[in-house]
Amino acid sequence: EASFFLREYQGAVRGIKKHLVAAAGPFTFVGELEYSKRFSPSMDHLACFLPGLLALGHSAGADPDGIQGHLELAKRLAHTCYNFYNQ
(Lines give C-alpha, C1' and ligand atoms only; values in the text may rest on other atoms or scores of the structure.)
Protein backbone atom coordinates (compact mmCIF):
# COMPACT_ATOMS: atom_id res chain seq x y z
CA GLU A 1 0.00 0.00 0.00
CA ALA A 2 2.83 2.43 0.75
CA SER A 3 4.16 2.00 -2.78
CA PHE A 4 0.78 3.15 -4.14
CA PHE A 5 1.01 6.43 -2.22
CA LEU A 6 4.66 6.86 -3.22
CA ARG A 7 3.74 6.50 -6.90
CA GLU A 8 0.83 8.93 -6.48
CA TYR A 9 3.08 11.50 -4.78
CA GLN A 10 5.78 11.18 -7.42
CA GLY A 11 3.24 11.43 -10.23
CA ALA A 12 1.69 14.54 -8.69
CA VAL A 13 5.07 16.24 -8.35
CA ARG A 14 5.96 15.33 -11.95
CA GLY A 15 2.69 16.94 -13.07
CA ILE A 16 3.31 20.06 -10.99
CA LYS A 17 6.83 20.43 -12.40
CA LYS A 18 5.68 19.84 -15.97
CA HIS A 19 2.50 21.95 -16.06
CA LEU A 20 2.48 24.44 -13.18
CA VAL A 21 6.02 25.67 -12.46
CA ALA A 22 7.33 28.78 -14.18
CA ALA A 23 10.07 31.30 -13.55
CA ALA A 24 10.20 35.07 -13.81
CA GLY A 25 13.57 36.62 -13.17
CA PRO A 26 14.98 35.30 -9.90
CA PHE A 27 11.62 33.87 -8.81
CA THR A 28 10.08 30.46 -9.35
CA PHE A 29 6.36 30.12 -8.85
CA VAL A 30 3.49 27.68 -9.14
CA GLY A 31 0.62 28.84 -11.30
CA GLU A 32 -2.83 27.43 -12.00
CA LEU A 33 -4.54 25.74 -14.91
CA GLU A 34 -7.79 27.48 -15.70
CA TYR A 35 -10.89 25.66 -16.90
CA SER A 36 -9.74 26.03 -20.47
CA LYS A 37 -6.47 24.28 -19.49
CA ARG A 38 -4.69 27.59 -20.07
CA PHE A 39 -1.83 28.34 -17.67
CA SER A 40 -2.42 31.27 -15.36
CA PRO A 41 0.73 32.67 -13.71
CA SER A 42 -0.92 33.46 -10.38
CA MET A 43 0.45 32.04 -7.15
CA ASP A 44 -1.76 32.37 -4.09
CA HIS A 45 -0.52 32.23 -0.51
CA LEU A 46 -1.47 28.57 0.00
CA ALA A 47 1.08 27.58 -2.66
CA CYS A 48 3.73 28.53 -0.10
CA PHE A 49 3.02 25.24 1.69
CA LEU A 50 4.37 23.33 -1.32
CA PRO A 51 8.07 23.90 -0.53
CA GLY A 52 7.59 22.18 2.83
CA LEU A 53 5.78 19.27 1.23
CA LEU A 54 8.57 18.84 -1.33
CA ALA A 55 11.29 19.04 1.33
CA LEU A 56 9.51 16.44 3.47
CA GLY A 57 9.07 14.19 0.46
CA HIS A 58 12.76 14.49 -0.30
CA SER A 59 13.79 13.74 3.29
CA ALA A 60 11.49 10.68 3.32
CA GLY A 61 13.20 9.29 0.21
CA ALA A 62 10.29 9.95 -2.14
CA ASP A 63 12.38 12.10 -4.51
CA PRO A 64 13.54 9.95 -7.43
CA ASP A 65 15.64 12.85 -8.75
CA GLY A 66 17.84 13.09 -5.66
CA ILE A 67 18.98 16.46 -4.34
CA GLN A 68 18.58 18.12 -7.76
CA GLY A 69 14.86 17.39 -7.92
CA HIS A 70 12.23 18.08 -5.30
CA LEU A 71 14.56 19.72 -2.78
CA GLU A 72 15.95 22.17 -5.34
CA LEU A 73 12.44 23.14 -6.43
CA ALA A 74 11.46 23.51 -2.76
CA LYS A 75 14.35 25.93 -2.20
CA ARG A 76 13.41 28.05 -5.23
CA LEU A 77 9.73 28.21 -4.26
CA ALA A 78 10.57 29.02 -0.63
CA HIS A 79 12.82 31.85 -1.86
CA THR A 80 9.90 33.26 -3.86
CA CYS A 81 7.46 32.99 -0.93
CA TYR A 82 9.94 34.60 1.45
CA ASN A 83 10.46 37.52 -0.90
CA PHE A 84 6.72 37.99 -1.52
CA TYR A 85 6.07 38.31 2.21
CA ASN A 86 9.22 40.22 3.08
CA GLN A 87 8.39 43.30 1.02
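The values are calculated or read from the model by the stated rules, or taken from the named source; none is laboratory data. Predicted, not measured: the structure shown is a model, and the values here were computed from it. Quick reminder, even Gly has a Cβ in these numbers, built from the backbone with ideal geometry, and neighbours come from all protein chains shown. Just the protein is used for accessible areas: all its heavy atoms, side chains included, with ligands, DNA and RNA removed. Shrake-Rupley method; radii C 1.70, N 1.55, O 1.52, S 1.80 Å.
Which condition number in (1) touching a Leu at 6+ places or on another chain (Cβ under 7 Å); (2) assigned to a loop (DSSP other than H, G, I, E, B) is the one that Leu73 fails?
Answer for Leu73: the failing condition is (2).
What is the residue count in the range 23-46 for residues that are out of contact with any helix residue (DSSP H, G or I) (no Cβ under 9 Å at 6 or more places or on another chain) and under 21 Å from Pro64 (Cα atoms)?
Count: 0.
Does the range 6-60 hold any residues that are within 20 Å of Tyr85 (Cβ to Cβ), outside any helix (DSSP H, G or I) and either open to solvent by 90 Å² or more (accessible area, probe 1.4 Å) or not aliphatic (A, V, I, L, M) (or both), and which are they? Break it down into steps so the answer makes sense when it comes.
Within the range 6-60, the subset within 20 Å of Tyr85 (Cβ to Cβ) is 21-32, 41-55.
Still in the list and also outside any helix (DSSP H, G or I): 21-32, 41-44.
Those that are within 20 Å of Tyr85 (Cβ to Cβ), outside any helix (DSSP H, G or I) and either open to solvent by 90 Å² or more (accessible area, probe 1.4 Å) or not aliphatic (A, V, I, L, M) (or both): Gly25, Pro26, Phe27, Thr28, Phe29, Gly31, Glu32, Pro41, Ser42, Asp44.
Answer with yes or no whether Ala22 is at negative phi and modelled with pLDDT of 95 or more.
Working: at negative phi: yes; modelled with pLDDT of 95 or more: no.
The answer is no for Ala22.
May I ask you to list the residues in the range 70-82 that are without any contact (Cβ under 8 Å) to a residue 24 or more places away in the chain and either open to solvent by less than 80 Å² (accessible area, probe 1.4 Å) or not hydroxyl-bearing (Ser, Thr, Tyr) (or both)?
Here is the first cut: in the range 70-82, the residues without any contact (Cβ under 8 Å) to a residue 24 or more places away in the chain are 71-72, 82.
Scanning the range 70-82 gives Leu71, Glu72.
Condition first: within 18 Å of Gly15 (Cβ to Cβ) and in a helix (DSSP H, G or I). Now tell me which residues in the range 61-70 satisfy that.
Filtering the range 61-70 down to residues within 18 Å of Gly15 (Cβ to Cβ) leaves 62-65, 69-70.
His70, the sole residue that qualifies.
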